[in-house]
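Undergrad: Here it is, the structure in full.
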Amino acid sequence: RANEKATPLPLVVLDPGHGGKDPGAIGISGTYEKHVALAAAQELRRRLLATRRYRVELTRGRDVFIALEERVAIARRRGAALFVSMHADAMPDPGVRGASVYTLNETASDGQTAALAQRENASDRFGTPHFQNTPPEVARILVSLVRQETRTGSARMAKSVVTSLGRDVKLLPNPARHASFMVLKAADIPSVLVELGFMSNRADEADLRRPAHRTKLAGAMARAVDAYFAAGGERLTG
Ligand code: ZN
């Protein structure tokens, strides 16, 4: 029986955005992004644990502030096989709505996403300034350290999320986007950031307040995680 000692289940680290003194985006009717992100992550955790195929940990399980850099560090320390950051930010245009998925790239896919990453990265203004003072050349090196296979895994996961979410909820046009998000900078862990919708849109905000909608989102994301690992998404070593 010694040989039957099971390899540990892959660890999925879910990262509810913002928290504590950083509320994230605040919706038109007063909903805080940090609360929606945590509720959605907790629902997704329940879904994933129910499959008995994964271990699941949250970077925060309550309303506390965690710097972006620390979120990445938590995932690395715990040996995450997949990192999923969950958000519901605001867009300057209140008409913009729908879910979308982001991967790391030093060049943004479009202006809207570049601005989103800039706002998202500014979350660290609530903590000790660290990354925000990183000179551009150092930032470039950080990005180039992200290995190709990690990028490939991240891109595959993003595609999986888009396919799965697209069946159940409204998506942003061109829903798979990329930019230089600090929280996606783990060099060896495939990482995606999911915008479950936008707090700046009345319909998205109303949806995200509803547990039934978050259940639908979590179900779709759990399917995406399943598809990712079924296709061989194990952590790459060496
Ligand atoms: Zn956010």
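Undergrad: Looking at TYR54, TYR32 in this structure, which one is within 13 Å of the ligand (Cβ to nearest atom), aromatic (Phe, Trp, Tyr) and either free of Cβ contacts under 8 Å to residues at least 60 places away in the same chain or farther than 22 Å from ARG147 by Cβ (or both)?
TA: Going through TYR54, TYR32 in turn, just one is within 13 Å of the ligand (Cβ to nearest atom), aromatic (Phe, Trp, Tyr) and either free of Cβ contacts under 8 Å to residues at least 60 places away in the same chain or farther than 22 Å from ARG147 by Cβ (or both): TYR32.
Undergrad: Would you mind stating whether LEU217 is part of a helix (DSSP H, G or I), open to solvent by less than 10 Å² (accessible area, probe 1.4 Å), in contact with a strand residue (DSSP E or B) (Cβ under 7 Å, 6 or more places away or on another chain) and of a type outside the set (Val, Ile, Thr)?
TA: no
Undergrad: Can you confirm whether GLU70 is closer than 21 Å to LEU171 by Cβ and in a helix (DSSP H, G or I)?
TA: Taking the combined requirement at face value, the residue does not satisfy it.
Undergrad: What about LEU82, is it under 24 Å from MET199 (Cβ atoms) and open to solvent by less than 30 Å² (accessible area, probe 1.4 Å)?
TA: no
Undergrad: Write out, first by first residue and then by second, each pair whose Cβ atoms fall under 6 Å of each other, whose residues are 6+ apart or on separate chains, and whose first residue, in the range 94-115, is closer than 23 Å to SER164 by Cβ while the second is surrounded by 19 or more Cβ atoms within 10 Å (Cβ to Cβ) and acidic (Asp, Glu).
TA: Between residues of the range 94-115 that are closer than 23 Å to SER164 by Cβ and residues that are surrounded by 19 or more Cβ atoms within 10 Å (Cβ to Cβ) and acidic (Asp, Glu), the close pairs are ARG97/ASP204; SER100/GLU195.
Undergrad: Kindly indicate which of ARG97, ARG47 is under 21 Å from THR113 (Cβ atoms), open to solvent by 60 Å² or more (accessible area, probe 1.4 Å) and more than 13 Å from the ligand (Cβ to nearest atom).
TA: When all the criteria are applied, what remains is ARG97.
Undergrad: Another question, if that's okay. Taking the range 50-65, which residues are open to solvent by less than 50 Å² (accessible area, probe 1.4 Å) and either within 20 Å of ALA187 (Cα to Cα) or among the β-branched types (Val, Ile, Thr) (or both)?
TA: THR51, VAL56, LEU58, THR59, VAL64 - these are the residues of the range 50-65 that are open to solvent by less than 50 Å² (accessible area, probe 1.4 Å) and either within 20 Å of ALA187 (Cα to Cα) or among the β-branched types (Val, Ile, Thr) (or both).
Undergrad: Taking the options ARG177, ARG223, name whichever one is open to solvent by less than 40 Å² (accessible area, probe 1.4 Å) and of a type in the set (Lys, Arg).
TA: None of the others qualify; the one that does is ARG177.
Undergrad: Looking only at the range 148-188, which residues are over 18 Å from ALA88 (Cβ atoms), touching a residue at least 40 places away in the same chain (Cβ under 8 Å) and among the hydroxyl-bearing types (Ser, Thr, Tyr)?
TA: Matches in the range 148-188: THR150, SER154, SER160, THR163, SER180.
Undergrad: With under 24 Å from ASP226 (Cβ atoms), in contact with a Pro (Cβ under 8 Å, 6 or more places away or on another chain) and outside any strand (DSSP E or B) as the only criterion, which of ALA40, ALA75, ALA6 stands out?
TA: Among ALA40, ALA75, ALA6, only ALA40 is under 24 Å from ASP226 (Cβ atoms), in contact with a Pro (Cβ under 8 Å, 6 or more places away or on another chain) and outside any strand (DSSP E or B).
Undergrad: From the list ALA108, ALA122, exactly one residue is open to solvent by 10 Å² or more (accessible area, probe 1.4 Å), more than 14 Å from the chain's Cα centre (by Cα) and within 13 Å of the ligand (Cβ to nearest atom). Which is it?
TA: It is ALA122.
Undergrad: Among the residues that make up the range 184-202, is at least one of them basic (Lys, Arg) and modelled with pLDDT of 95 or more?
TA: yes
Undergrad: Could I ask something else about it? Scan the range 83-125 residue by residue and report those that are of a type in the set (A, V, I, L, M), outside any loop (DSSP other than H, G, I, E, B) and modelled with pLDDT of 95 or more.
TA: Of everything in the range 83-125, those that are of a type in the set (A, V, I, L, M), outside any loop (DSSP other than H, G, I, E, B) and modelled with pLDDT of 95 or more turn out to be VAL84, MET86, ALA99, VAL101.
Undergrad: The conditions are (1) crowded, with 24+ Cβ neighbours inside 10 Å; (2) modelled with pLDDT under 95; (3) in contact with a Lys or Arg (Cβ under 8 Å, 6 or more places away or on another chain); (4) among the aliphatic types (A, V, I, L, M), and LEU68 fails exactly one of them. Which is it?
TA: Of everything listed in (1) crowded, with 24+ Cβ neighbours inside 10 Å; (2) modelled with pLDDT under 95; (3) in contact with a Lys or Arg (Cβ under 8 Å, 6 or more places away or on another chain); (4) among the aliphatic types (A, V, I, L, M), LEU68 misses just condition (3).
The values are calculated or read from the model by the stated rules, or taken from the named source; none is laboratory data. This one's a predicted model, so the numbers in the text were calculated from it and none came from an experiment. All Cβ positions, even for glycine, are placed from backbone atoms using ideal geometry, and neighbour counts span all protein chains on display. These area figures cover heavy atoms from the full protein model, side chains too; ligands, DNA and RNA do not enter into them. Shrake-Rupley method; radii C 1.70, N 1.55, O 1.52, S 1.80 Å.
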